[in-house]
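Peer 1: What follows is a structure written as structure tokens; I'll ask about it next.
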There are 2 protein chains.
Amino acid sequence: MSLLDQLAAIVGPGNLLNTAADMAPYLVEERGLYHGSAVAVARPGTTAEVAELVKACVQDSIAIVPQGGNTGLCGGAVPSDGALVISTERLNRIRAVDPVDFTLTAEAGCVLASVQDAAAEVGCLFPLSLGAEGSCRIGGNLSTNAGGVGVLRYGNTRDLVLGLEVVLPDGQVWNGLRALRKDNTGYDLKHLFVGAEGTLGIITACVVKLFPAPRETATALVALPDPAAALAILGAARRASGDAVTACELVPRIGLEIGIAHVPGVRDPFDAPHPWVLLVELSSSRPGGLKDALESVLTEALESGTAHDAVLAQSEDQRRALWKIREGVPEAQKKEGGSIKHDVAVATSRVPEMIARCTPAVEAALPGVRVVAFGHIGDGNIHFNLSQPVGADKAWFIAHWERMNRIVHDIVADMGGSVSAEHGIGMLKRHEMARYKSATELELMRRIKNAIDPDGRLNPGKILP
Amino acid sequence: MSLLDQLAAIVGPGNLLNTAADMAPYLVEERGLYHGSAVAVARPGTTAEVAELVKACVQDSIAIVPQGGNTGLCGGAVPSDGALVISTERLNRIRAVDPVDFTLTAEAGCVLASVQDAAAEVGCLFPLSLGAEGSCRIGGNLSTNAGGVGVLRYGNTRDLVLGLEVVLPDGQVWNGLRALRKDNTGYDLKHLFVGAEGTLGIITACVVKLFPAPRETATALVALPDPAAALAILGAARRASGDAVTACELVPRIGLEIGIAHVPGVRDPFDAPHPWVLLVELSSSRPGGLKDALESVLTEALESGTAHDAVLAQSEDQRRALWKIREGVPEAQKKEGGSIKHDVAVATSRVPEMIARCTPAVEAALPGVRVVAFGHIGDGNIHFNLSQPVGADKAWFIAHWERMNRIVHDIVADMGGSVSAEHGIGMLKRHEMARYKSATELELMRRIKNAIDPDGRLNPGKILP
């Protein structure tokens, strides 16, 4: 029996795709940066089928690329020549929801929004939330340790997971699908697979934490002289609200202006132009008092001069309008021509210094470049994006990608920061690992890879340089 | 130069202990279950000295046992023949406290209470809190992933750490001392060393998260018909308080009674005897409203019959008195003769079932045994302790330790639980690993151990069976 026949026998003929047309959507990624190829795409329906697929690949020495919703931004799910893509899309059952335990058990192929919905149905919150939530899958969120807008209060995906079920590179199934809040019995294996981008095993199911659903939300937009003021307001809001700040997003003047120019619904709520605006959102399952808490923080900030102006959303429509300012930035950047992107993080308290160092450095290196530094300042995570000079040629500008990366990443690394805060490494930043990770750290990672996947079968060519 | 001379040259002669008298406190553990021996005890003052010590041990093929405050309960820090103990006690500097960043950088030998104090000085909370906090050291807390009473709201020690500095088994220093909230650049190494009980590396420093200091606390003792009622109240309190429940501790009737009998200050605040009492504490940095929230939860519970009675602390003295009931249990158990202990966890929602299954099983196997099942029900973590039958011989009772363990642990394992929720494995539960971990999981752990510490130099004889 040929390999393809064997694979088809495992998943059923309809779930083994191997024509160019059928495979096409699995071979490219979101931004079109990478085009892969594969021997086939298998869509298993059970963990046992995943294990059988892996064993068949071991026997035939075939590489395996696990794939969830294929919404990643670093090429981590794009297959290379001769690999089998294992798509988790049919592993899409919510196995259990337990509102007493505040846990949910989901298979890897569940779309993130469906996990959120299942939690909401029992009055709970699954707080992971990001742009792709309508199509990304929870297994991919786990494999990339996805970030998003709720990290400040609830942590990264890693912090939301209690247990995992994983098919290992030799086809064994590790059943670590535990719903335990405390378990000190040996090495923590789940944290190895979370964020490993499918290079150590194929996550097939998970137990995640749920939280009480918020019943009050308070949202404000604050006009600021500089990013340091944002941190002062964040600290004050954390203290005043019982740590209920669930979003803290910075937008520079230019981000607001290009939004107004290109994105319907974006408008400046302030009379005067301010160099920075900050979106602050508090939410809590304890009803009452949150708006007052936020208002008193803002009043104090205005009186002390930390803030220049502020608006508090008085309705859900007003709240949506304020969020639109933040959400409009990447959309508007696309309309402004080429963008060179940096998904960087430093210690939260050092974000102002990072922006202050990186901005003149890139402006000096590429006159006319427009810095659009925005995003999750509460996590120390800034999308330090560069829009092309007005009127420049897009291709000419994009050709500076590596040079701009070098300038920004060198500064961030010098500050003890991360050159990939939330998007991961994949293929896009693999070469950066060689530059910014110590030899000691790379050696530790290689030893782990060799220990778990000695044949290098899983997702070759990703993460490790 | 002899090995001892070489080691003394690294740390200074006064910091290399090798007489029996000097070494004695480092060779025994808290409960006197294990007595170790060592070639010497070294007390390095810097990370570089730790690295030099390790290199010297590599050269002379000497095993190494890292030790913090030596307060562990599983023998994890007790050395075996011929090993060098590396005590972290002189690595006791708080390197940085950053209230804007909400982080603190501490060396491994800092006593936990001193870390708490340093956070409090800047208006912040370091939430790790446990009985030994006056003498345990943060490096030991990290190496054992310590639990304690704040886990429900803030997580285990693992969840509080952002970065680590670790001396590896070959003497290299891994500098992962980052203060980043987001960093998706390869495998998460810090989670490997946290909870590894010193078998993969020697943690020398850490960056931990801080939180806004609480400004309001609401504490109640609730009388309950059964443990299921405790979970109903926990869920309602989490929802009503904006997830501000910071402690949820169950005490059975017998726990209260032996407390009253043996521990000064313990008294029953209720008129009638109730089968269970629950200590619930809420705390928040947002002042105002927490007591009302708790009161409305309790009122509803009393009206629905979920709770039989309740008292809300009206002063700090009353609060201390309620806590005394919980804290008095282990103290009282000592006075009641022998105790056979189980530090187990199941999914929070299954605690009632676990208690209902384990209790008759041990009572049938050892007539007269008194089950004292108490503790962190909010984490699913119950100290399922057994007091000897009244009037029994202590030694006779303790001789049933293994038999009782087997009964309780078999039931807990059958329920997908953990046989060591917060205390770790050390030597005490090493044999349980062989029984309760799957071959797949043990193999993964062994591969990791071999990959990072191929010579088995670090803390031999711990964790892995």
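Any read-out appearing in this document is the output of simple, stated calculations on the displayed coordinates, not a laboratory observation. Quantities reported herein were computed from a predicted structural model and do not represent experimental measurements. We place every Cβ from the backbone using ideal geometry, glycine too, and count neighbours over all the protein chains shown.
Peer 1: Efficiency by 1/(1 + (r/R0)^6): what FRET value for B:ALA120 and A:ASP292, r their Cβ-Cβ distance, R0 = 25 Å, to the nearest 0.05? List each step's numbers first, then the result.
Peer 2: Numbers: r = 27 Å, r/R0 = 1.06.
It comes out at approximately 0.40.
Peer 1: Sticking with this one: Semi-axes of chain B's equivalent ellipsoid from the Cα gyration tensor, sqrt of 5 times each eigenvalue, largest first, rounded to whole Å? Before the final figure, lay out each step's value.
Peer 2: Numbers: eigenvalues 303, 146, 78 Å².
Each semi-axis is the square root of five times an eigenvalue, giving 39, 27, 20 Å.
Peer 1: For the Cα atoms of chain B, what angle does the longest principal axis make with the long axis of helix B:227-241, in degrees from 0 to 90, nearest 10?
Peer 2: That works out to roughly 80 degrees.
Peer 1: Could you list the residues of the range B:95-138 with an amide nitrogen less than 14 Å from a label point located 7 Å from the Cα of B:VAL28 in the Cα-to-C-beta direction?
Peer 2: none
Peer 1: OK, next. Over the Cα atoms of the range A:296-367, each weighted equally, I'd like the Debye log10 I(q)/I(0) at q = 0.21, 0.26 Å⁻¹, rounded to two decimals.
Peer 2: -1.14, -1.11
Peer 1: For the range B:94-212, with equal point scatterers placed on the C-alpha atoms only and solvent neglected, what are the log10 I(q)/I(0) values from the Debye formula at q = 0.14, 0.19, 0.23 1/Å, to two decimals?
Peer 2: At q = 0.14, 0.19, 0.23 Å⁻¹ the computed log10 ratios are -0.51, -0.97, -1.43.
Peer 1: Here's something else I'd like to know. Using each residue's phi in the range A:128-137, evaluate 6.51 cos²θ - 1.76 cosθ + 1.60 at θ = phi - 60° and report the 3J(HN,Hα) Karplus result to the nearest Hz, with x for Gly and Pro.
Peer 2: Whole-Hz 3J(HN,Hα) from phi for the range A:128-137: 5, 8, 7, x, 8, 4, x, 9, 5, 10.
Peer 1: Now for a different question. In sequence order, what are the phi-derived ³J(HN,Hα) couplings for the range A:325-341 according to the Karplus relation 6.51 cos²θ - 1.76 cosθ + 1.60 with θ = phi - 60°, rounded to whole Hz, with x for glycine and proline?
Peer 2: Those phi angles translate into 4, 6, 6, x, 4, x, 4, 5, 4, 4, 6, 8, x, x, 10, 10, 10 Hz.
Peer 1: Please work out whether the range A:414-465 counts as rounded, prolate or oblate from its C-alpha gyration tensor, where a ≥ b ≥ c are the square roots of the eigenvalues and a/c under 1.5 means rounded, while otherwise a/b larger than b/c means prolate and anything else oblate? If you can, show how the numbers build up before the last one.
Peer 2: Details: a/c = 2.47, a/b = 1.51, b/c = 1.64.
Oblate.
Peer 1: At 1.002 mPa s and 20 °C, plugging the Kirkwood radius over alpha-carbon pairs of the protein assembly as shown into Stokes-Einstein gives what diffusion coefficient in µm²/s? Can you show the working numbers first?
Peer 2: Details: Rh = 29.0 Å.
Calculated translational D: 74 µm²/s.
Peer 1: Just checking the output field for A:436-449: average partner chain Cβ neighbours within 10 Å of each residue's Cβ? Can you show the working numbers first?
Peer 2: Numbers: counts 1, 2, 5, 1, 9, 8, 1, 4, 13, 4, 2, 6, 8, 3.
Counting other chains' Cβ atoms within 10 Å and averaging over A:436-449 gives 5.
Peer 1: How far, in nm, would the chain grow between A:THR299 and A:ASP414 when pulled straight, counting 0.36 nm per residue and subtracting the alpha carbon separation? Each step should come with its number before you reach the end.
Peer 2: On the way: separation 115, 0.36 × 115 = 41.40 nm, distance 3.70 nm.
Value of the extension gain: 37.7 nm.
Peer 1: Also, quick follow-up: Divide, for the range B:191-284, the radius of gyration over alpha carbons by 2.2 N^0.38 Å, where N is the residue count.
Peer 2: So the range B:191-284 has a normalised radius of gyration of 1.49.
Peer 1: Give the residue from A:MET415, A:ILE377, A:ALA395 lying farthest towards the positive end of the charge dipole for the range A:361-426; charges sit on Cβ (+1 for Lys and Arg, -1 for Asp and Glu) and the dipole is referred to the Cα centre.
Peer 2: After comparing all options, I get A:ALA395.
Peer 1: Something else: Sort all Cα-Cα distances of the range B:1-134 into consecutive 5 angstrom bins from zero, then give the percent of pairs in each bin up to the one containing the longest distance.
Peer 2: Pairs per bin, as whole percents: 2, 10, 18, 19, 17, 14, 10, 6, 3, 1, 0.
Peer 1: Compute the label-point distances linking A:THR46 to its equivalents in the other copies; points lie 7 Å from Cα along Cα→Cβ; give nm, one decimal, shortest first.
Peer 2: Result for A:THR46, in nm, nearest copy first: 6.1.
Peer 1: What FRET efficiency would be calculated for the residue pair B:ALA20, B:LYS394, taking the C-beta separation as r and a Förster radius of 30 Å, to the nearest 0.05?
Peer 2: On the way: r = 30 Å, r/R0 = 0.99.
In this case the efficiency is close to 0.50.
Peer 1: Could I ask something else about it? Relative to a virtual label point 7 Å from the Cα of B:HIS262 in the Cα→beta-carbon direction, which members of the range B:383-417 show backbone nitrogen distances below 18 Å?
Peer 2: Zone members listed by number: B:383-401.
Peer 1: So what's the gap between the Cα centers of the range B:388-435 and the range B:345-366, to the nearest angstrom?
Peer 2: For the range B:388-435 versus the range B:345-366, the Cα centre distance is 13 Å.
Peer 1: Would you please give the residues with an amide H less than 5 Å from that of B:ALA96, counting only those at least 5 places away or on a separate chain, with H modeled from the backbone geometry?
Peer 2: B:THR105
Peer 1: Could you point to the residue in B:VAL166, B:GLY148, B:ALA96 farthest towards the positive end of the range B:94-212's charge dipole, with +1 and -1 charges on the Cβ of Lys/Arg and Asp/Glu respectively?
Peer 2: B:GLY148
Peer 1: Now a separate question. What is the helix-to-structure angle for B:47-59, meaning the angle in degrees between its Cα long axis and the longest Cα principal axis of chain B, kept from 0 to 90 and rounded to the nearest 10?
Peer 2: Between helix and principal axis, roughly 60 degrees.
Peer 1: By a straight-distance test (C-alpha under 19 Å), which lysines pair with B:LYS437 as possible cross-link partners, with residues fewer than eight away in the same chain excluded?
Peer 2: Qualifying lysines at Cα under 19 Å: A:LYS182, A:LYS190, B:LYS429, B:LYS449, B:LYS462.
Peer 1: Apply the Karplus curve 6.51 cos²θ - 1.76 cosθ + 1.60, θ = phi - 60°, to the phi angles in the range A:379-390 and return the couplings in whole Hz, x for Gly and Pro.
Peer 2: Here the 3J(HN,Hα) series is 9, x, 10, 10, 7, 7, 8, 10, 9, 4, x, 4 Hz.
Peer 1: OK, next. Taking the label point as lying 7 angstrom from Cα along the Cα-to-Cβ axis, what are the distances from A:ARG357 to the corresponding position in the remaining copies, in ascending order and in nanometres?
Peer 2: Those label-point separations list as 5.5 nm.
Peer 1: Moving on to the next point. Please give the contour-minus-distance gain from A:GLN318 to A:ASN450: 0.36 nm per residue of separation, less the Cα-Cα distance, rounded to one decimal in nm. Don't skip to the answer; put the middle values down first.
Peer 2: Values: separation 132, 0.36 × 132 = 47.52 nm, distance 5.29 nm.
Full extension from A:GLN318 to A:ASN450 adds 42.2 nm.
Peer 1: Over all alpha-carbon pairs of the range B:216-335, lay out the pair-distance distribution in 5 Å bins, whole %, shortest bin first.
Peer 2: Pair shares across the bins are 2, 13, 23, 24, 20, 12, 5, 1, 0.
Peer 1: Now for a separate question. Just from the alpha-carbon atoms, what are the Rg and Dmax of the range B:339-423 in angstroms?
Peer 2: Rg and Dmax of the range B:339-423, Cα atoms, are 12.1, 36 Å.
Peer 1: Just need the relative contact order of the range A:299-434 here, percent rounded to a whole number, with Cα pairs under 8 Å and 6+ apart. Please list the in-between numbers first.
Peer 2: Values: 157 pairs, mean separation 37.8, N = 136.
Once normalised by length, the contact order is 28 percent.
Peer 1: Give the relative contact order (percent, whole number) for chain A; include only Cα pairs under 8 Å separated by 6+ residues. Mind dumping the intermediate values first?
Peer 2: On the way: 990 pairs, mean separation 68.1, N = 465.
It rounds to 15 percent for chain A.
Peer 1: With the label 7 angstrom out along Cα to Cβ, how close does A:ALA120 come to the same site in each of the other copies, in nm, nearest first?
Peer 2: Label-point distances to the other copies, shortest first: 4.3 nm.
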